[in-house]
1. Within region 205-235, how many residues are in contact with a helix residue (DSSP H, G or I) (Cβ under 8 Å, 6 or more places away or on another chain) and more than 14 Å from residue 41 (Cα to Cα)?
2. Limited to region 310-322, what total is found for residues that are in contact with a helix residue (DSSP H, G or I) (Cβ under 6 Å, 6 or more places away or on another chain) and not in a helix (DSSP H, G or I)?
3. What do you reckon, is residue 276 modelled with pLDDT of 95 or more and either within 29 Å of residue 105 (Cβ to Cβ) or out of contact with any strand residue (DSSP E or B) (no Cβ under 8 Å at 6 or more places or on another chain) (or both)?
4. Mind listing whichever residues of region 309-343 are surrounded by fewer than 18 Cβ atoms within 10 Å (Cβ to Cβ) and modelled with pLDDT of 95 or more?
5. All but one of (1) part of a strand (DSSP E or B); (2) surrounded by fewer than 24 Cβ atoms within 10 Å (Cβ to Cβ); (3) within 24 Å of the chain's Cα centre (by Cα) hold for residue 39, so report the exception by its number.
6. Checking residue 402 against (1) surrounded by 19 or more Cβ atoms within 10 Å (Cβ to Cβ); (2) under 22 Å from residue 52 (Cβ atoms): exactly one of these is not met. Which one?
7. Of 83, 16, 26, 34, which residue is closer than 21 Å to residue 118 by Cα and at pLDDT 95 or above?
8. Scan 102, 52 and give me the residue that is under 29 Å from residue 158 (Cβ atoms), assigned by TED's automatic domain parsing to the domain that holds residue 182 and under 24 Å from the mean Cα position of the chain (by Cα).
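The values are calculated or read from the model by the stated rules, or taken from the named source; none is laboratory data. The shown structure was predicted, so the numbers you read here are calculated from the model rather than taken from an experiment. Positions of Cβ are backbone-derived with ideal geometry, glycine not excepted, and every protein chain shown enters the neighbour counts.
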């Protein structure tokens, strides 16, 4: 396993381009299963989760041609004509929870699907009950047997039936599975209380490129008019808003000045508003987003919430910033029940943090962080600890960064391009 060695105290300065959005690429690539065509998906990030997705697609009988023409990212040509199985086995699904998004496409393409339950993960259980409820509303017959979900089309029918589905809770994954299945259902499906994340909007745009008829994506009410068949996809994955937020927060934390080229300010939403409240100067333009640090970081409370609220995937990075604020703040997590595992590691670096239920009270102190050996526990905790190391005095080693490689492409190279002193090395 690799680790990062960071010599802190170097302001991040310069500009960079972030990779394609992981949380968009995953559902889009599974959406290629919907049609026996040759699909083009551009700007796919080179991440471990994409390697897992590749294995899934090949398992299903697809052929995938990856074309690397740039320093970062690649274009995928996915030929889904050879789809030859309806089963997603445990050994593949357990490695990446997003594999469960194959359920809807397999069901409507082959008439049945057998997909392993993904189980829990480090940051919480994240049950799939809303996925199953939504598909059952469309007429799917669903059973759970021996750790698998088995889904079939309604008896005597070759298509699902459009209807109104009202989610009791906002769920990104369930919205994605339902939208994909509804594209090939008979009639119109109305999705109420749908997730509004940019990744939902972009998935719908990728489906529209295949001939799907979708309206309202990006709002809480999505209408999908089913079609008999879909064509080939041609879609480019947009920049990753979470990766962009990480580097922009890093600019304020290290006293730097960073421009993320191509970043969509609207997708970053309240993260930029809150950065301005900390004192940073934020410039939004058609070219991207720039953050210029302030001499003093003001404390700002945040509460995670579904989009357009503060993203849970930025909570850990924000906490690292608040440790060096001039005053106290509170970070409250409302999405996942176990997403504070970075707290003990930040304490090792000198942060004063107190966990109270679903909140962390932070006693911010400028220049309080000191380098220390720490261990990453999940993807966003990895980014949090790396940011803390960049702002700390002395050397920080961050172990188990294989978590990081699930969501950040070549992070050490991008940080080095901004002036950071960081190296990847084998953890002996």
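1. 8
2. Summing the residues that are in contact with a helix residue (DSSP H, G or I) (Cβ under 6 Å, 6 or more places away or on another chain) and not in a helix (DSSP H, G or I) in region 310-322 gives 1.
3. Numbers: modelled with pLDDT of 95 or more: yes; either within 29 Å of residue 105 (Cβ to Cβ) or out of contact with any strand residue (DSSP E or B) (no Cβ under 8 Å at 6 or more places or on another chain) (or both): no.
The answer is no for residue 276.
4. Listed by number, the residues that qualify are 309, 326, 327, 328, 330, 332.
5. All conditions pass for residue 39, except number (2).
6. Of everything listed in (1) surrounded by 19 or more Cβ atoms within 10 Å (Cβ to Cβ); (2) under 22 Å from residue 52 (Cβ atoms), residue 402 misses just condition (1).
7. Among 83, 16, 26, 34, only 26 is closer than 21 Å to residue 118 by Cα and at pLDDT 95 or above.
8. Answer to the check: 102.
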